[in-house]
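Trainee: Here it is: the structure, laid out below.
The values are calculated or read from the model by the stated rules, or taken from the named source; none is laboratory data. In this text the structure is predicted, and so the values were computed from the model without any measurement. FYI the Cβ positions are ideal-geometry reconstructions off the backbone, even for glycines, and counts take in every protein chain you see.
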Amino acid sequence: MSSSQAAPAMPKVELDLTDVESRVGQEVGGGEPIEPCSASDIRRWVMAMDYFNPIHWDDRFAKASKFKRIIAPQSFAVGIDFGHGVQPACVGRIPGSHLIFGGEEWWHYGPKIYPGDSLSHKRWFYDYKVTETKFAGPTMFSRGDTLHLNQHGVPVCKERSTAIRYLAAEAERRGYLNKDAGKAPRWNREQLLAIEKQRLDWMLSNREGRTPEIAEVRVGQTLVRRVIGPHSLVSFATEYRAFLFNIWGCFDWAAPVGMKNAWVNQDAGWVEGFGFDEAGAMIDPRLRDGLYIGPSRGHVDAEKAAHIGMPRAYGYGATMGAWITDYIAHWAGHDGFVRYSNSSFRGPAYEGDITYLDGEIVEKKEDSMWGEPLVTIAVKMTNQDGNTLATAKVDVELPRNRLDVAFIER
(Lines give C-alpha, C1' and ligand atoms only; values in the text may rest on other atoms or scores of the structure.)
Protein backbone atom coordinates (compact mmCIF):
# COMPACT_ATOMS: atom_id res chain seq x y z
CA MET A 1 0.00 0.00 0.00
CA SER A 2 1.44 3.38 -0.98
CA SER A 3 1.76 6.21 1.49
CA SER A 4 -1.15 7.94 -0.22
CA GLN A 5 -3.29 4.90 0.51
CA ALA A 6 -2.25 4.51 4.14
CA ALA A 7 -4.97 3.43 6.52
CA PRO A 8 -6.59 6.31 8.41
CA ALA A 9 -5.25 6.88 11.91
CA MET A 10 -7.33 5.47 14.75
CA PRO A 11 -9.13 8.15 16.78
CA LYS A 12 -7.44 9.01 20.04
CA VAL A 13 -8.90 7.13 22.98
CA GLU A 14 -9.32 9.06 26.23
CA LEU A 15 -10.84 8.46 29.64
CA ASP A 16 -13.46 10.96 30.75
CA LEU A 17 -12.32 11.90 34.27
CA THR A 18 -14.59 14.89 34.83
CA ASP A 19 -16.43 13.08 37.64
CA VAL A 20 -13.25 11.70 39.20
CA GLU A 21 -10.84 14.55 39.85
CA SER A 22 -12.91 16.44 42.43
CA ARG A 23 -13.41 13.33 44.53
CA VAL A 24 -9.73 12.62 45.30
CA GLY A 25 -9.09 12.64 49.04
CA GLN A 26 -12.79 12.62 49.85
CA GLU A 27 -14.50 10.22 52.23
CA VAL A 28 -16.95 7.97 50.43
CA GLY A 29 -19.85 5.77 51.47
CA GLY A 30 -20.80 2.26 50.55
CA GLY A 31 -22.41 -0.92 51.71
CA GLU A 32 -22.57 -1.84 55.39
CA PRO A 33 -23.53 -5.27 56.78
CA ILE A 34 -26.84 -5.31 58.60
CA GLU A 35 -26.14 -8.26 60.90
CA PRO A 36 -23.15 -9.64 62.81
CA CYS A 37 -21.10 -12.32 61.09
CA SER A 38 -21.74 -15.94 62.02
CA ALA A 39 -19.65 -19.09 62.31
CA SER A 40 -21.33 -20.28 59.11
CA ASP A 41 -20.22 -17.11 57.32
CA ILE A 42 -16.64 -17.91 58.34
CA ARG A 43 -17.01 -21.53 57.27
CA ARG A 44 -18.42 -20.47 53.91
CA TRP A 45 -15.45 -18.17 53.40
CA VAL A 46 -12.71 -20.72 54.10
CA MET A 47 -14.57 -23.29 52.02
CA ALA A 48 -14.59 -20.91 49.05
CA MET A 49 -10.92 -19.99 49.55
CA ASP A 50 -10.03 -23.71 49.77
CA TYR A 51 -8.42 -22.93 53.12
CA PHE A 52 -8.89 -26.04 55.20
CA ASN A 53 -7.27 -24.87 58.47
CA PRO A 54 -9.58 -26.52 61.04
CA ILE A 55 -9.43 -23.60 63.49
CA HIS A 56 -11.77 -21.79 61.09
CA TRP A 57 -14.44 -24.46 60.52
CA ASP A 58 -14.11 -27.49 62.83
CA ASP A 59 -15.97 -26.77 66.07
CA ARG A 60 -14.34 -29.62 68.01
CA PHE A 61 -10.83 -28.63 66.95
CA ALA A 62 -11.47 -24.95 67.70
CA LYS A 63 -12.87 -25.62 71.20
CA ALA A 64 -9.75 -27.61 72.07
CA SER A 65 -7.49 -24.74 70.93
CA LYS A 66 -6.30 -21.65 72.81
CA PHE A 67 -9.19 -19.71 71.24
CA LYS A 68 -11.89 -22.07 72.61
CA ARG A 69 -14.09 -21.38 69.57
CA ILE A 70 -14.01 -20.91 65.84
CA ILE A 71 -12.06 -17.86 64.73
CA ALA A 72 -12.07 -16.09 61.38
CA PRO A 73 -8.93 -16.05 59.24
CA GLN A 74 -7.35 -12.62 58.78
CA SER A 75 -8.42 -12.71 55.13
CA PHE A 76 -12.08 -12.74 56.21
CA ALA A 77 -12.20 -8.95 56.61
CA VAL A 78 -12.59 -8.50 52.86
CA GLY A 79 -15.31 -11.17 52.80
CA ILE A 80 -17.56 -9.01 54.98
CA ASP A 81 -16.72 -5.79 53.16
CA PHE A 82 -18.68 -4.49 50.19
CA GLY A 83 -17.60 -4.97 46.57
CA HIS A 84 -14.51 -7.10 47.28
CA GLY A 85 -13.01 -4.14 49.16
CA VAL A 86 -12.44 -2.19 45.96
CA GLN A 87 -15.33 0.26 46.34
CA PRO A 88 -13.32 3.31 47.54
CA ALA A 89 -10.93 2.82 44.61
CA CYS A 90 -13.79 2.86 42.08
CA VAL A 91 -15.05 6.40 42.55
CA GLY A 92 -16.43 8.68 39.85
CA ARG A 93 -18.26 7.87 36.64
CA ILE A 94 -16.11 6.92 33.62
CA PRO A 95 -18.50 6.15 30.71
CA GLY A 96 -17.90 2.83 28.94
CA SER A 97 -15.44 1.62 31.53
CA HIS A 98 -14.72 -1.63 33.28
CA LEU A 99 -12.53 -2.53 36.25
CA ILE A 100 -10.11 -5.23 37.30
CA PHE A 101 -8.35 -5.47 40.64
CA GLY A 102 -4.68 -4.40 40.51
CA GLY A 103 -3.44 -5.11 44.03
CA GLU A 104 -3.82 -4.29 47.68
CA GLU A 105 -2.06 -3.43 50.90
CA TRP A 106 -3.24 -4.59 54.31
CA TRP A 107 -2.36 -3.39 57.80
CA HIS A 108 -3.59 -5.63 60.63
CA TYR A 109 -3.73 -4.02 64.08
CA GLY A 110 -4.23 -6.99 66.38
CA PRO A 111 -7.93 -7.66 67.13
CA LYS A 112 -9.28 -10.89 65.71
CA ILE A 113 -12.72 -11.52 64.24
CA TYR A 114 -15.02 -14.00 65.99
CA PRO A 115 -18.56 -15.16 65.24
CA GLY A 116 -20.96 -12.50 66.49
CA ASP A 117 -18.68 -9.58 65.66
CA SER A 118 -19.98 -6.66 63.59
CA LEU A 119 -17.64 -4.68 61.37
CA SER A 120 -18.25 -1.17 60.10
CA HIS A 121 -16.15 0.78 57.61
CA LYS A 122 -14.68 4.19 56.90
CA ARG A 123 -13.64 4.72 53.28
CA TRP A 124 -11.61 7.29 51.33
CA PHE A 125 -10.73 7.75 47.67
CA TYR A 126 -6.95 8.01 48.06
CA ASP A 127 -5.45 8.90 44.65
CA TYR A 128 -5.13 7.95 40.98
CA LYS A 129 -2.84 8.13 37.96
CA VAL A 130 -3.41 7.45 34.26
CA THR A 131 -0.94 5.29 32.32
CA GLU A 132 -0.85 4.04 28.75
CA THR A 133 -1.08 0.23 28.74
CA LYS A 134 -0.77 -2.32 25.95
CA PHE A 135 -3.99 -4.10 26.85
CA ALA A 136 -6.35 -1.08 26.94
CA GLY A 137 -4.57 2.16 26.04
CA PRO A 138 -5.25 4.93 28.60
CA THR A 139 -5.76 3.15 31.92
CA MET A 140 -6.44 4.60 35.35
CA PHE A 141 -4.81 3.11 38.43
CA SER A 142 -6.82 4.40 41.38
CA ARG A 143 -6.42 3.65 45.08
CA GLY A 144 -8.92 3.68 47.93
CA ASP A 145 -8.69 3.03 51.67
CA THR A 146 -11.05 1.06 53.88
CA LEU A 147 -10.68 1.06 57.66
CA HIS A 148 -12.44 -1.90 59.29
CA LEU A 149 -13.69 -1.33 62.85
CA ASN A 150 -15.37 -3.82 65.16
CA GLN A 151 -18.50 -3.23 67.22
CA HIS A 152 -16.40 -1.61 69.96
CA GLY A 153 -15.04 0.99 67.53
CA VAL A 154 -11.59 -0.63 67.63
CA PRO A 155 -9.66 -0.73 64.33
CA VAL A 156 -9.16 -4.30 63.17
CA CYS A 157 -7.35 -3.68 59.88
CA LYS A 158 -7.03 -1.32 56.94
CA GLU A 159 -6.98 -2.12 53.23
CA ARG A 160 -5.64 0.06 50.43
CA SER A 161 -6.99 -1.39 47.20
CA THR A 162 -5.89 -0.59 43.66
CA ALA A 163 -8.48 -0.57 40.88
CA ILE A 164 -7.49 -0.70 37.21
CA ARG A 165 -10.15 1.14 35.22
CA TYR A 166 -10.15 1.14 31.43
CA LEU A 167 -12.43 1.41 28.39
CA ALA A 168 -13.89 -2.03 27.78
CA ALA A 169 -14.34 -1.51 24.04
CA GLU A 170 -10.68 -0.61 23.59
CA ALA A 171 -9.51 -3.65 25.56
CA GLU A 172 -11.80 -5.89 23.50
CA ARG A 173 -10.49 -4.35 20.25
CA ARG A 174 -6.86 -4.90 21.21
CA GLY A 175 -7.34 -8.45 22.54
CA TYR A 176 -3.94 -8.18 24.21
CA LEU A 177 -4.66 -10.64 27.04
CA ASN A 178 -5.54 -13.42 24.61
CA LYS A 179 -1.89 -14.14 23.84
CA ASP A 180 -1.08 -15.20 27.42
CA ALA A 181 -4.27 -17.07 28.28
CA GLY A 182 -4.71 -19.32 25.26
CA LYS A 183 -7.18 -22.15 25.62
CA ALA A 184 -8.24 -23.75 28.88
CA PRO A 185 -5.88 -26.65 29.62
CA ARG A 186 -7.13 -30.20 29.93
CA TRP A 187 -5.89 -32.33 32.81
CA ASN A 188 -5.58 -36.10 32.78
CA ARG A 189 -6.13 -38.35 35.79
CA GLU A 190 -2.43 -38.68 36.58
CA GLN A 191 -1.97 -34.91 36.60
CA LEU A 192 -5.02 -34.36 38.79
CA LEU A 193 -3.78 -36.93 41.30
CA ALA A 194 -0.43 -35.13 41.47
CA ILE A 195 -2.20 -31.81 42.04
CA GLU A 196 -4.29 -33.34 44.82
CA LYS A 197 -1.16 -34.71 46.50
CA GLN A 198 0.44 -31.27 46.50
CA ARG A 199 -2.77 -29.83 47.89
CA LEU A 200 -2.79 -32.42 50.68
CA ASP A 201 0.91 -31.90 51.46
CA TRP A 202 0.25 -28.22 52.12
CA MET A 203 -2.89 -29.01 54.08
CA LEU A 204 -0.93 -31.26 56.43
CA SER A 205 2.19 -29.05 56.62
CA ASN A 206 0.84 -27.18 59.67
CA ARG A 207 -2.64 -28.47 60.36
CA GLU A 208 -1.98 -28.40 64.11
CA GLY A 209 -1.24 -24.66 64.01
CA ARG A 210 2.29 -24.70 65.43
CA THR A 211 4.09 -21.35 65.32
CA PRO A 212 7.84 -21.27 64.66
CA GLU A 213 9.94 -19.21 67.06
CA ILE A 214 11.92 -16.37 65.54
CA ALA A 215 15.17 -18.22 66.34
CA GLU A 216 14.05 -21.19 64.24
CA VAL A 217 13.61 -19.37 60.96
CA ARG A 218 16.34 -18.17 58.59
CA VAL A 219 16.62 -15.95 55.55
CA GLY A 220 16.38 -18.07 52.42
CA GLN A 221 14.06 -20.62 54.02
CA THR A 222 11.21 -21.62 51.72
CA LEU A 223 7.61 -22.51 52.56
CA VAL A 224 5.73 -25.58 51.41
CA ARG A 225 4.15 -24.90 48.02
CA ARG A 226 0.40 -24.34 47.93
CA VAL A 227 -1.67 -25.40 44.92
CA ILE A 228 -5.23 -24.29 44.09
CA GLY A 229 -7.32 -25.56 41.19
CA PRO A 230 -8.09 -26.44 38.54
CA HIS A 231 -10.28 -23.33 38.60
CA SER A 232 -13.76 -23.71 37.17
CA LEU A 233 -17.04 -21.88 36.82
CA VAL A 234 -18.13 -23.77 39.93
CA SER A 235 -15.12 -22.62 41.97
CA PHE A 236 -15.52 -19.02 40.78
CA ALA A 237 -19.22 -19.02 41.70
CA THR A 238 -18.40 -20.56 45.09
CA GLU A 239 -15.87 -17.80 45.74
CA TYR A 240 -18.31 -15.07 44.77
CA ARG A 241 -21.03 -16.41 47.02
CA ALA A 242 -18.67 -16.31 50.02
CA PHE A 243 -18.53 -12.50 49.82
CA LEU A 244 -21.50 -11.61 51.99
CA PHE A 245 -22.44 -8.43 50.14
CA ASN A 246 -24.02 -10.38 47.27
CA ILE A 247 -26.45 -12.29 49.52
CA TRP A 248 -29.92 -10.75 49.21
CA GLY A 249 -30.69 -8.23 51.94
CA CYS A 250 -27.41 -8.55 53.88
CA PHE A 251 -26.16 -4.99 53.28
CA ASP A 252 -27.53 -1.48 53.38
CA TRP A 253 -26.15 1.75 51.92
CA ALA A 254 -24.48 4.32 54.18
CA ALA A 255 -23.11 7.79 53.37
CA PRO A 256 -20.57 9.89 55.34
CA VAL A 257 -22.43 12.10 57.78
CA GLY A 258 -22.91 15.65 56.57
CA MET A 259 -21.17 15.19 53.23
CA LYS A 260 -22.97 16.38 50.11
CA ASN A 261 -22.71 14.44 46.86
CA ALA A 262 -20.86 11.59 48.52
CA TRP A 263 -20.02 8.61 46.33
CA VAL A 264 -22.08 5.73 47.72
CA ASN A 265 -23.63 3.47 45.08
CA GLN A 266 -23.62 5.55 41.90
CA ASP A 267 -23.10 4.06 38.46
CA ALA A 268 -19.37 3.98 37.76
CA GLY A 269 -20.02 4.10 34.01
CA TRP A 270 -20.07 0.39 33.38
CA VAL A 271 -20.23 -0.70 29.76
CA GLU A 272 -23.74 -1.67 28.63
CA GLY A 273 -24.85 -4.99 30.11
CA PHE A 274 -22.61 -4.75 33.19
CA GLY A 275 -24.52 -2.34 35.41
CA PHE A 276 -27.01 -2.99 38.21
CA ASP A 277 -30.66 -2.04 38.39
CA GLU A 278 -30.83 -0.74 41.95
CA ALA A 279 -34.48 0.33 41.74
CA GLY A 280 -35.66 -2.92 40.18
CA ALA A 281 -33.64 -4.92 42.72
CA MET A 282 -35.99 -3.74 45.47
CA ILE A 283 -38.52 -6.11 43.91
CA ASP A 284 -36.28 -8.63 42.12
CA PRO A 285 -32.94 -8.79 44.01
CA ARG A 286 -31.36 -10.76 41.17
CA LEU A 287 -31.13 -7.42 39.34
CA ARG A 288 -28.15 -6.57 41.52
CA ASP A 289 -26.85 -10.11 41.94
CA GLY A 290 -23.37 -10.14 40.43
CA LEU A 291 -23.49 -13.72 39.19
CA TYR A 292 -26.43 -12.84 36.95
CA ILE A 293 -25.89 -9.15 36.19
CA GLY A 294 -23.42 -6.39 36.93
CA PRO A 295 -19.67 -5.83 36.57
CA SER A 296 -18.69 -9.23 38.00
CA ARG A 297 -20.61 -11.37 35.52
CA GLY A 298 -17.59 -11.85 33.25
CA HIS A 299 -16.02 -14.00 35.96
CA VAL A 300 -18.45 -16.82 35.24
CA ASP A 301 -19.54 -16.03 31.68
CA ALA A 302 -16.90 -16.42 28.94
CA GLU A 303 -18.97 -14.45 26.43
CA LYS A 304 -19.27 -11.50 28.79
CA ALA A 305 -15.59 -11.80 29.69
CA ALA A 306 -14.72 -11.26 26.02
CA HIS A 307 -16.64 -7.95 26.02
CA ILE A 308 -14.24 -6.54 28.60
CA GLY A 309 -11.04 -7.85 27.03
CA MET A 310 -10.72 -11.16 28.89
CA PRO A 311 -10.16 -14.34 26.87
CA ARG A 312 -12.27 -16.57 29.11
CA ALA A 313 -13.88 -16.74 32.56
CA TYR A 314 -11.50 -15.61 35.25
CA GLY A 315 -11.03 -15.34 39.01
CA TYR A 316 -11.26 -12.47 41.50
CA GLY A 317 -8.49 -10.15 42.62
CA ALA A 318 -9.70 -10.10 46.22
CA THR A 319 -9.57 -13.89 46.23
CA MET A 320 -5.93 -13.81 45.13
CA GLY A 321 -5.15 -11.50 48.02
CA ALA A 322 -6.93 -13.84 50.43
CA TRP A 323 -4.98 -16.83 49.08
CA ILE A 324 -1.74 -15.01 49.92
CA THR A 325 -2.81 -14.03 53.45
CA ASP A 326 -4.10 -17.53 54.19
CA TYR A 327 -0.92 -19.10 52.80
CA ILE A 328 1.28 -17.13 55.19
CA ALA A 329 -1.10 -17.41 58.16
CA HIS A 330 -1.18 -21.20 57.77
CA TRP A 331 2.61 -21.31 58.05
CA ALA A 332 2.64 -18.84 60.98
CA GLY A 333 0.28 -20.95 63.10
CA HIS A 334 -1.98 -19.98 65.99
CA ASP A 335 0.56 -17.71 67.70
CA GLY A 336 1.75 -15.96 64.55
CA PHE A 337 0.09 -12.89 63.07
CA VAL A 338 0.20 -11.26 59.65
CA ARG A 339 0.91 -7.58 60.29
CA TYR A 340 1.31 -6.15 56.79
CA SER A 341 1.07 -7.32 53.20
CA ASN A 342 1.58 -5.62 49.86
CA SER A 343 0.37 -7.55 46.81
CA SER A 344 0.57 -6.69 43.13
CA PHE A 345 -1.74 -8.58 40.76
CA ARG A 346 -0.24 -9.20 37.31
CA GLY A 347 -2.92 -11.37 35.74
CA PRO A 348 -6.01 -13.38 36.71
CA ALA A 349 -6.47 -17.08 37.34
CA TYR A 350 -8.39 -18.28 34.29
CA GLU A 351 -10.91 -21.08 34.05
CA GLY A 352 -9.09 -24.43 33.82
CA ASP A 353 -5.80 -23.10 35.20
CA ILE A 354 -3.85 -24.18 38.26
CA THR A 355 -2.46 -21.62 40.71
CA TYR A 356 0.73 -22.17 42.71
CA LEU A 357 1.94 -20.13 45.69
CA ASP A 358 5.59 -20.20 46.73
CA GLY A 359 7.11 -18.28 49.63
CA GLU A 360 10.63 -17.47 50.78
CA ILE A 361 11.82 -15.67 53.92
CA VAL A 362 13.79 -12.65 52.72
CA GLU A 363 14.25 -10.66 55.95
CA LYS A 364 14.24 -11.24 59.68
CA LYS A 365 13.89 -8.56 62.36
CA GLU A 366 14.30 -9.19 66.08
CA ASP A 367 12.44 -5.95 66.86
CA SER A 368 9.75 -4.02 65.02
CA MET A 369 7.32 -1.14 65.39
CA TRP A 370 4.89 -3.66 66.85
CA GLY A 371 7.28 -4.56 69.66
CA GLU A 372 7.64 -8.14 68.43
CA PRO A 373 9.95 -9.97 65.99
CA LEU A 374 8.97 -9.96 62.31
CA VAL A 375 9.92 -11.97 59.27
CA THR A 376 9.27 -10.76 55.74
CA ILE A 377 8.17 -13.39 53.25
CA ALA A 378 8.23 -12.88 49.49
CA VAL A 379 5.37 -14.69 47.78
CA LYS A 380 5.09 -15.48 44.09
CA MET A 381 1.89 -16.76 42.50
CA THR A 382 2.18 -18.55 39.16
CA ASN A 383 0.09 -20.76 36.89
CA GLN A 384 0.91 -24.09 35.21
CA ASP A 385 2.79 -22.29 32.41
CA GLY A 386 5.01 -20.40 34.83
CA ASN A 387 3.27 -17.07 34.16
CA THR A 388 3.34 -14.76 37.16
CA LEU A 389 -0.14 -13.92 38.47
CA ALA A 390 0.89 -11.97 41.58
CA THR A 391 3.80 -11.02 43.78
CA ALA A 392 3.70 -9.97 47.42
CA LYS A 393 5.74 -9.07 50.46
CA VAL A 394 4.22 -10.08 53.79
CA ASP A 395 5.41 -9.16 57.31
CA VAL A 396 4.60 -11.81 59.91
CA GLU A 397 4.90 -11.48 63.67
CA LEU A 398 6.43 -14.48 65.47
CA PRO A 399 7.06 -15.05 69.18
CA ARG A 400 10.60 -14.95 70.54
CA ASN A 401 10.04 -18.19 72.44
CA ARG A 402 7.31 -20.36 73.85
CA LEU A 403 7.55 -18.60 77.24
CA ASP A 404 6.54 -15.33 75.55
CA VAL A 405 3.40 -17.00 74.21
CA ALA A 406 2.55 -18.58 77.57
CA PHE A 407 2.93 -15.24 79.35
CA ILE A 408 0.73 -13.48 76.82
CA GLU A 409 -1.97 -16.13 77.14
CA ARG A 410 -2.04 -15.83 80.97
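Trainee: Scan region 95-117 and tell me whether some residue there is touching a residue at least 60 places away in the same chain (Cβ under 8 Å), closer than 30 Å to Tyr166 by Cβ, buried (at least 24 other Cβ atoms within 10 Å of the Cβ) and touching a Ser or Thr at 6+ places or on another chain (Cβ under 6 Å).
Mentor: yes
Trainee: Mind listing just one residue for me: the one in region 200-248 that is of a type in the set (S, T, N, Q) and assigned to a helix (DSSP H, G or I) and, of those, farthest from Lys365 (Cα to Cα)?
Mentor: Residues of region 200-248 of a type in the set (S, T, N, Q): 205-206, 211, 221-222, 232, 235, 238, 246.
Those left that are additionally assigned to a helix (DSSP H, G or I): 205, 235, 238, 246.
On the way: Ser205: 24, Ser235: 38, Thr238: 39, Asn246: 41 Å.
Among those that are of a type in the set (S, T, N, Q) and assigned to a helix (DSSP H, G or I), it is Asn246.
Trainee: Considering Ile308, Ile293, Ile328, Ile324, which residue is of a type in the set (Val, Ile, Thr) and either surrounded by fewer than 22 Cβ atoms within 10 Å (Cβ to Cβ) or over 21 Å from the mean Cα position of the chain (by Cα) (or both)?
Mentor: Numbers: Ile308 fails: either surrounded by fewer than 22 Cβ atoms within 10 Å (Cβ to Cβ) or over 21 Å from the mean Cα position of the chain (by Cα) (or both); Ile328 fails: either surrounded by fewer than 22 Cβ atoms within 10 Å (Cβ to Cβ) or over 21 Å from the mean Cα position of the chain (by Cα) (or both); Ile324 fails: either surrounded by fewer than 22 Cβ atoms within 10 Å (Cβ to Cβ) or over 21 Å from the mean Cα position of the chain (by Cα) (or both).
Criteria check complete, one pass: Ile293.
Trainee: Here's a follow-up. For region 34-75, which residues satisfy the criterion of being surrounded by 18 or more Cβ atoms within 10 Å (Cβ to Cβ), aromatic (Phe, Trp, Tyr) and either assigned to a loop (DSSP other than H, G, I, E, B) or without any contact (Cβ under 8 Å) to a residue 60 or more places away in the chain (or both)?
Mentor: Result: Tyr51, Phe52, Trp57.
Trainee: Let me ask another. Go through Ala89, Ala77 for me and flag whichever is small (Gly, Ala, Ser), at pLDDT 95 or above, within 23 Å of Arg165 (Cβ to Cβ) and touching a strand residue (DSSP E or B) at 6+ places or on another chain (Cβ under 9 Å). Steps first, answer last, please.
Mentor: Numbers: Ala77 fails: within 23 Å of Arg165 (Cβ to Cβ).
Going through Ala89, Ala77 in turn, just one is small (Gly, Ala, Ser), at pLDDT 95 or above, within 23 Å of Arg165 (Cβ to Cβ) and touching a strand residue (DSSP E or B) at 6+ places or on another chain (Cβ under 9 Å): Ala89.
Trainee: Quick check: anything in region 121-138 aliphatic (A, V, I, L, M), more than 30 Å from Val46 (Cα to Cα) and crowded, with 21+ Cβ neighbours inside 10 Å? It would help to see each step written out before you state the result.
Mentor: To start, the set of residues in region 121-138 that are aliphatic (A, V, I, L, M) comprises 130, 136.
Applying the additional criterion that residues be more than 30 Å from Val46 (Cα to Cα) yields 130, 136.
Subsequent filtering for residues that are crowded, with 21+ Cβ neighbours inside 10 Å retains 136.
Scanning region 121-138 turns up at least one residue that is aliphatic (A, V, I, L, M), more than 30 Å from Val46 (Cα to Cα) and crowded, with 21+ Cβ neighbours inside 10 Å.
Trainee: Additional query: When both residues are 6+ apart or on different chains and their Cβ atoms are under 9 Å apart, which pairs have a first residue that lies in region 261-277 and is touching a residue at least 60 places away in the same chain (Cβ under 8 Å), and a second that is of a type in the set (Lys, Arg) and in a loop (DSSP other than H, G, I, E, B)?
Mentor: Every condition considered, the pairs that remain are Gln266/Arg93; Asp267/Arg93; Ala268/Arg93; Gly269/Arg93.
Trainee: Please enumerate the residues belonging to region 139-158 that are in a strand (DSSP E or B) and surrounded by fewer than 16 Cβ atoms within 10 Å (Cβ to Cβ).
Mentor: The initial filter retains those residues of region 139-158 that are in a strand (DSSP E or B), namely 139-149, 155-158.
Across region 139-158, the qualifying residue is only Pro155.
Trainee: If you scan region 18-33, which residues turn out to be surrounded by 17 or more Cβ atoms within 10 Å (Cβ to Cβ) and closer than 23 Å to Ala169 by Cβ?
Mentor: Within region 18-33, Val20 is the sole residue that qualifies.
Trainee: Could I ask something else about it? Let me spell it out: the conditions are (1) surrounded by fewer than 18 Cβ atoms within 10 Å (Cβ to Cβ); (2) under 30 Å from Gly273 (Cα atoms); (3) among the small types (Gly, Ala, Ser), and Gly371 meets all of them except one. Which number is the exception?
Mentor: (2)
Trainee: Pull up region 280-337, narrow it to residues that are of a type in the set (Val, Ile, Thr) and outside any helix (DSSP H, G or I), then point me to the one that is farthest from Val46 (Cα to Cα).
Mentor: Ranking the candidates gives Ile283 first.
Trainee: All but one of (1) at pLDDT 90 or above; (2) within 20 Å of the chain's Cα centre (by Cα); (3) not aromatic (Phe, Trp, Tyr) hold for Asp252; state the number of the condition that does not hold.
Mentor: If we test Asp252 against (1) at pLDDT 90 or above; (2) within 20 Å of the chain's Cα centre (by Cα); (3) not aromatic (Phe, Trp, Tyr), just (2) comes out false.
Trainee: Follow-up. Looking only at region 129-138, which residues are of a type in the set (Lys, Arg) and assigned to a strand (DSSP E or B)? Give the derivation first.
Mentor: Restricting attention to region 129-138, the residues satisfying the condition of being of a type in the set (Lys, Arg) are 129, 134.
The answer is Lys129, and nothing else.
Trainee: Quick check, is Ala349 at negative phi and buried (at least 24 other Cβ atoms within 10 Å of the Cβ)?
Mentor: yes
Trainee: Something else: Of the numbered conditions (1) part of a helix (DSSP H, G or I); (2) over 25 Å from Asn246 (Cα atoms); (3) without any contact (Cβ under 8 Å) to a residue 40 or more places away in the chain; (4) not aliphatic (A, V, I, L, M), Glu372 satisfies every one except a single condition; which is it?
Mentor: Every listed condition holds for Glu372 apart from (1).
Trainee: Considering every residue within region 78-89, establish whether at least one is over 13 Å from the mean Cα position of the chain (by Cα) and surrounded by fewer than 24 Cβ atoms within 10 Å (Cβ to Cβ).
Mentor: No, the conditions are met nowhere in region 78-89.
Trainee: Just checking, does region 233-241 include any residue being in contact (Cβ under 8 Å) with a residue 24 or more places away in the chain, under 30 Å from Gln26 (Cα atoms) and surrounded by 14 or more Cβ atoms within 10 Å (Cβ to Cβ)?
Mentor: yes
Trainee: Okay, next question. What residue, of Lys260, Lys179, is assigned to a loop (DSSP other than H, G, I, E, B), at pLDDT below 90 and surrounded by fewer than 15 Cβ atoms within 10 Å (Cβ to Cβ)? Step through it out loud before you land on a result.
Mentor: Numbers: Lys179 fails: assigned to a loop (DSSP other than H, G, I, E, B).
The unique qualifying residue is Lys260.
Trainee: Working carefully through the options Ala171, Ala163, Ala194, find the one that is part of a helix (DSSP H, G or I) and within 22 Å of Val91 (Cβ to Cβ). Steps first, answer last, please.
Mentor: Details: Ala163 fails: part of a helix (DSSP H, G or I); Ala194 fails: within 22 Å of Val91 (Cβ to Cβ).
The match here is Ala171.
Trainee: Something else about it: Of everything in region 90-107 that's of a type outside the set (A, V, I, L, M, F, W, C), assigned to a strand (DSSP E or B) and more than 24 Å from Tyr340 (Cβ to Cβ), which residue is nearest to the chain's Cα centre (by Cα)?
Mentor: Only one residue fits best here, namely His98.
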